[in-house]
Amino acid sequence: MKKLLVSALLSLYMPICGAAEFPLSVKAENGVVKLDKKPERIVVLEFGLLDELKLLGVKPVGMGKSDNTEGQDPAHLQEFIKDIPGVGTRDEPSLEAIAKLKPDLIIGEVTFISGLLPQLNKIAPTILLNGILGDPAEQVKNLKILASITNTEDKVDGIIKHHDEIRNKAIAMSMKSKPKTVLMGFITPSGIFRVLSSNAIATPILKDLNKTNLIKDTSVMHRVDITVEGVLQKNPDQIVILLTDGDLAPYEKLKANPLWKDVRAFKQNQVYFLDRNVWAKTHGIEAMEVMYEEAMQSGFLDGRQQKLNTNKNNI
């Protein structure tokens, strides 16, 4: 009877132990932030962090949006965010719009809004994390921080397990083919090819997938411009064009360059079209899952020629 009683008491106590206790001190990129109570009205200013709140089942009261050069907000978030008010863009949010929502916590991207921290802190406690430039390990770290803030730690293991299953499936597929060199980037409306730099989050993901990013330069913006002559000099096995809202028109401008027909990847049908939103714009746990799924389905991993849906907004 005593053993049963002890077991019952332990079963009651264990969930309480796992929950964060408030006041809570959170170690963030902007130092230690103290939260007096569990936040109920959160404004989030970066898609990767919004991605992770979505997985945790936490809906913010406001969010930062895409700017007019980036296209639509990420497709995998659109159903979730359709009724969440926008508060400006992720890097230039409206302080007035944020204040009107009366948040008790603001979560933002350290790369984007460090300069606004004093003003944001006057509205509500503000936590800055490394979301858009964080590697996969950093995304898991962010997930755990957000879970502790929102008392959703019980969901973390399942989220990570699901992500790892998709990742491992993609890795297994990629290992069936020989290692490949890659250039990956998006094309501006004027036809400039902006390839992802060595410190972009896509680089370690490509490495996981038996691919090597040929760009060795680093960049604060995680991208560098390259000419068609530069592409020919690099001579990659594969090229990935990251489309904005599925729009192929910028690629058609690049392809009009007479030298493009000499690009080996083009001649061998090894040019692939993936989504800029997840590969170069938002980097949360679910976004990485979408990356792996796209890589598998497109033929990019095993060298199959991609079959394109030519309707805009579809790849």
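The values are calculated or read from the model by the stated rules, or taken from the named source; none is laboratory data. All values derive from a computational prediction rather than experimental measurement. Every residue, glycine among them, receives a Cβ derived from its backbone with ideal geometry; neighbour counts consider all protein chains shown. Ligands, DNA and RNA are stripped out before the accessible areas are found, and what is left, the full protein with its side chains, is counted by its heavy atoms. Shrake-Rupley method; radii C 1.70, N 1.55, O 1.52, S 1.80 Å.
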Query raised in the report: So how much slack lies between Lys178 and Thr212, counting 0.36 nm per residue of separation and subtracting their Cα-Cα distance, in nm?
Result: 11.1 nm
Report task. Return one whole number: the accessible area per residue of the chain in Å², for a 1.4 Å probe. Result -> 49
Report summary line: Calculated from DSSP helices alone, with each H run of at least 4 adding -39500 (n - 2.57) and the total divided by the residues of the chain, [θ]222 nm to the nearest 500 comes to -11500 deg cm²/dmol
**Report entry** GNM flexibility winner over the chain from Met63, Met291, Met221 (Cα, springs under 10 Å)
**Finding:** Met221
Report task. Treating the angle as unsigned and between 0 and 90°, give the value, to the nearest 10°, between the Cα long axis of helix 285-298 and the longest Cα principal axis of the chain. Result -> 30
Query raised in the report: Going by alpha carbons, how many degrees (0 to 90, nearest 10) lie between the helix axis of 136-150 and the longest principal axis of the chain?
Result: 30
Query raised in the report: For labels at Ser219 and Phe266 in the simple 7 Å Cα→Cβ model, what's the distance in nm?
Result: 2.0
Query raised in the report: According to a simple spin-label model (label point 7 Å from Cα along Cα-to-Cβ), what is the distance in nm between Ser190 and Glu138?
Result: 2.9
Report summary line: Residues of segment 266-299 with backbone N under 15 Å of the label point set 7 Å from the Cα of Gln78 along Cα→Cβ are 275-278
Requested in this report: Provide, as a two-decimal number, the C-alpha radius of gyration of the chain over 2.2 N^0.38 Å, N being how many residues it has.
Outcome: 1.11
Report summary line: Per its Cα gyration tensor (rounded if a/c is under 1.5, else prolate when a/b beats b/c, else oblate), segment 134-208 is best filed as oblate
**Report entry** Gaussian network model of the chain, springs between alpha carbon atoms under 10 Å - residue of Ile149, Ile215, Ile160 with greatest fluctuation
**Finding:** Ile160
Query raised in the report: Per the 1.4 Å probe, what fraction of the accessible area of the chain, in percent, lies on carbon and sulfur atoms?
Result: 54
Report task. Have a look at the DSSP beta bridges in the chain and tell me what percent are antiparallel, nearest 5. Result -> 35
Report task. Multiply the residue gap between Leu259 and Glu21 by 0.36 nm, knock off their C-alpha separation, and tell me the result in nm, one decimal place. Result -> 79.5 nm
